C-alpha cells in the first residue's frame, strides 16, 4: 500500500512540475504497541518542522494535524 501511495503521489507531483526526489529511498515501519510509543512517535513527527527551523512550535505549521480530531 505504501509503494502504491508513493508512486501515485510522485506521478502527481511530476505532473505539477516538481522535479527531483519526493520520497526518501527507504522506509522503516513497525507496529506501535504501547500508548507511550504512539505518543513519542506522534511528538517526533509533529516536531519535524520545528527541528528544521520552519516554525517555533509545531502548532504554527500550516500542514499540521488537529489533534482534537484524532484523539
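Kindly establish whether residue 55 is farther than 19 Å from residue 5 by Cβ, part of a loop (DSSP other than H, G, I, E, B), outside the structural domain of residue 2 (by TED's automatic domain parsing) and in contact with a helix residue (DSSP H, G or I) (Cβ under 6 Å, 6 or more places away or on another chain). Yes: the conditions hold for residue 55.
Being touching a helix residue (DSSP H, G or I) at 6+ places or on another chain (Cβ under 6 Å) and without any contact (Cβ under 8 Å) to a residue 40 or more places away in the chain holds for only one residue in 11, 47, and it is 47. Of the set (1) surrounded by 10 or more Cβ atoms within 10 Å (Cβ to Cβ); (2) at positive phi, all apply to residue 20 but (1).
The values are calculated or read from the model by the stated rules, or taken from the named source; none is laboratory data. This one's a predicted model, so the numbers in the text were calculated from it and none came from an experiment. A quick note on method: Cβ atoms are made from the backbone with ideal geometry, for glycine too, and the neighbour counts reach across all protein chains shown.
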